[in-house]
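Everything on this sheet refers to the single structure shown next.
The values are calculated or read from the model by the stated rules, or taken from the named source; none is laboratory data. Not measured: the values here are computed from a predicted model. In this analysis, Cβ positions are derived from the backbone assuming ideal geometry, glycine residues included, and neighbour counts consider all displayed protein chains.
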Amino acid sequence: MPASPRTTSRDRIPLAVCSIILTVLALSLGDALIKLTSGSFVIWQIFVLRSLIVVPVLVILTVLLGGLRKPQTFRWIALRSLMLIAMWVCYYLSLPHLSLSAAAAAYYTLPIFITLFSAIFLGDRIPKTGWIAIVLGFAGVLMILRPKAGDFNAYALLPLIAAMLYAGAMIVTRTRCRDEHPLGLSLALNIGFVLVGGIAAALIRLLPTELRQGFLLSPWTPMGQAEWVSMGLLAAAILIGSIGAAIAYQNGPPAMIGAFDFAYVGFAVIWGIVFFNETPDLIASVGMIMIVGAGVLSLRR
């Protein structure tokens, strides 16, 4: 463990905050595109093709920027990548069985898990303002999404598990992968997507035909020009998101940066207006203001 789990002289808070905001901007846009193209792909097809586009770009960037070096902590990088891949699988697997609002509300407990994990594993002492920021942000999420109690069932555990996996991965980033190059972490993650997605696709081919259905077990679908354009945009989103998350949690305390993850919801509302003509009402607008206030309060702390 590092000597000091709190903010240190090595931290670059403005860089970390800007990185996480850009990250959730890109990832929210990617999720909006997945919603637009739902039914066109299966999860393993997205994992493999998206990352096959990203990996050559990362290799070129890594060589040009001097990030090509032997990993210092290979097992921790592998663990981080597997945790993030499992996070995406759990979250996407929950969507066919939950309303989007219920799944998202359950998933956005992740800053709470980051705060708790920071206190448990890093010894980070969370002041009252930190807890207020987390509660305020989560309340803002609930005001925007307003999930109904009847929406929650056993599948609601999947986005909760996804939130815990993400929180754990960011703690590993902070404590065990802090000195790794962000491009190297992103490259490892996308190689993991290709390997896991390829293995899963191969195993699906061995299943009886009647079992090959749904977002998880369907065979790959044919792709035309529009599908390849969509896949390219998804690749750009995961490229920005995977690099940005690594930079953010390497350069800022997890409890602080985690609060800014709530910005995803605000961006999701914007994409809802742009792509789906979903205009937020007064309560949702108040929720967005609360989320922004939680981020500001966390930054002042």
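List of remarks:
- Residues in the range 156-188 that are at pLDDT 90 or above and under 20 Å from residue 41 (Cβ atoms): 162 only.
- Condition check for residue 289: modelled with pLDDT under 80, loosely packed, with under 15 Cβ neighbours inside 10 Å and out of contact with any Asp or Glu (no Cβ under 8 Å at 6 or more places or on another chain): yes
- Of all the criteria given as (1) assigned to a helix (DSSP H, G or I); (2) crowded, with 18+ Cβ neighbours inside 10 Å, the one not satisfied by residue 56 is (2).
- The set of residues in the range 20-53 that are at pLDDT 85 or above, in contact with a helix residue (DSSP H, G or I) (Cβ under 7 Å, 6 or more places away or on another chain) and farther than 28 Å from residue 260 by Cβ comprises 44, 48, 49, 52.
- All helices (runs of 4 or more DSSP H) inside the range 189-266 with 1 or more residues being in contact with a Gly (Cβ under 9 Å, 6 or more places away or on another chain), among the aromatic types (Phe, Trp, Tyr) and buried (at least 22 other Cβ atoms within 10 Å of the Cβ): 225-251, 254-260
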